[in-house]
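Asker: Here you go, one structure.
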Amino acid sequence: MRPVVTLFVATGAFFALCGMVWGIQMAATGDHTLSPAHGHLNLVGFVLMSIFGAYYALTPRAAATGLARLHYGLSVLAVLSLAPGIALAILGRTEVLALLGSFLTLASMALFLFVVLRHGVGEEGRAAMAPSPA
């Protein structure tokens, strides 16, 4: 099983690659109708996944938890529903998938906040967040 850091960073890179190909396709056709979906793929798929991966790389104690793996799965589901959902909404087909993706993205960020508050940042974790004795 791959470490969660590698999963976040590699998946983020994959989503970035998909976003770049999609951007090239939009530029080549001159049709930028779906650019909001493309932007969300890059932002949530690459930027957030990379930030999450960097956090877990800095905080190995948090990365070793089941919550980190749950966070990864939730984040992937969010991207896989949000970007196509926005595209479907723009095309006037349905907004259901975009709504689901929005809630999954929100849940992913809420879980990330919980993990950060629980484990702190860095190898020192919560101990580094505690006030020093005077």
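Please treat every number below as a calculation from the coordinates, not as lab data. Here the structure is a predicted model, which is why all the values come from computation and not from measurement. Cβ sites come from the backbone with ideal geometry, for glycine too, and all protein chains shown count toward neighbours.
Asker: Going by C-beta contacts inside 10 Å, put 75, 50, 81, 35 in order with the fewest on the left.
Answerer: Ordered by Cβ neighbours within 10 Å, fewest first: 35, 50, 81, 75.
Asker: Something else now. Once phi is turned into θ = phi - 60°, what whole-Hz ³J(HN,Hα) does the Karplus curve with 6.51, -1.76 and 1.60 give for every residue of segment 53-69, x standing for Gly and Pro?
Answerer: For segment 53-69, the Karplus-derived couplings read x, 5, 4, 5, 5, 6, 10, x, 5, 6, 5, 7, 8, x, 4, 5, 5 Hz, x marking Gly and Pro.
Asker: Under a 10 Å cutoff between Cα atoms, tell me which one of 29, 11, 94 has the largest fluctuation in the Gaussian network model of the chain.
Answerer: 29
Asker: For helix 4-29, report the angle its Cα long axis makes with the longest principal axis of the Cα atoms of the chain; keep it between 0 and 90° and round to the nearest 10°.
Answerer: 20
Asker: List the residues whose amide H sits under 5 Å from the amide H of residue 122, counting only those 5 or more places along or on another chain, with H placed 1.01 Å from N in the peptide plane.
Answerer: 59
Asker: Right, another one. Just going by the charge dipole of the chain, with Lys and Arg at +1 and Asp and Glu at -1 on Cβ, which of 27, 51, 68 is farthest out on the positive end?
Answerer: Checking the options against the dipole of the chain, the answer is 68.
Asker: In a Gaussian network model over the chain where Cα atoms closer than 10 Å are linked, find which of 44, 79, 21 has the largest mean-square fluctuation.
Answerer: Checking each option, the largest mean-square fluctuation is seen for 21.
Asker: Further, regarding this structure: What are the ³J(HN,Hα) values, in whole Hz, obtained from phi via the Karplus relation 6.51 cos²θ - 1.76 cosθ + 1.60 with θ = phi - 60°, for each residue of segment 81-90 in sequence order, with x given for Gly and Pro?
Answerer: Calculated HN-Hα couplings, in order: 9, 5, 4, x, x, 5, 4, 5, 5, 4 Hz.
Asker: From the convex hull of the Cα coordinates of segment 4-123, what is the mean projected area in square nanometres?
Answerer: Values: hull surface 27.2 nm².
Value for segment 4-123: 6.8 nm².
Asker: I would also like to ask the following. Could you size up the charge dipole of the chain around its Cα centre, putting +1 on the beta carbon of Lys and Arg and -1 on that of Asp and Glu, and report it in debye to the nearest 20? Walk me through the numbers before you get to the answer.
Answerer: Working: 6 positive and 4 negative charges, 64 e Å.
Magnitude of the dipole: close to 300 debye.
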